[in-house]
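Remarks on the structure that follows.
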Amino acid sequence: MVAQLILIVASCTKTTTVPIDNSPAITTTVSFSKDIQPILTKNCALSSCHGGSVSPNLSSATAYTALENSNLINTTTPANSGVYLWLTGKEAATMPLGAANNPSNVNALMLAWITQGAKNN
């Protein structure tokens, strides 16, 4: 009986991340390279911003390590992750700068990625 229970629990996978702040639910695995990095490249890793002149450097070669080393990811309490707080405007100015209302799908993707373990996938 115990062995069956362990087998059942071990084979379970999570496919839905519970939304916070009325963001849409993300029901698939979020990939850093396919989902998160393109957002960072387009909106953050600009030459005048987080492309080298402002820390952390979010260009494709360094973004994952920079987020991890800057303590901007909190997988224990994802909604308290620095990167999520900046995106949602709960930490000083909303990022990207000048974007008063970041699209909720960007926030939801970031939150889902962190909730799913913030893997470098």
Listing TYR84, TYR64 by rising number of other beta-carbon atoms within 10 angstrom, fewest first, gives TYR64, TYR84
Between GLU91 and ALA61, what FRET efficiency comes out of the Förster formula 1/(1 + (r/R0)^6) with R0 = 30 Å and r the beta carbon distance, rounded to 0.05? 0.75
Computed FRET efficiency, Cβ-Cβ of LYS42 and THR76, R0 30 Å: what is it to the nearest 0.05? 0.55
In nanometres, the difference between 0.36 nm per residue of separation and the alpha-carbon distance of ASN105 and SER31 is 25.2 nm
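Any read-out appearing in this document is the output of simple, stated calculations on the displayed coordinates, not a laboratory observation. Since the model is a prediction, treat every value here as computed from it, not as a measurement. Cβ coordinates were reconstructed from backbone atoms using ideal geometry, including for glycine residues, and neighbour counts include every protein chain displayed.
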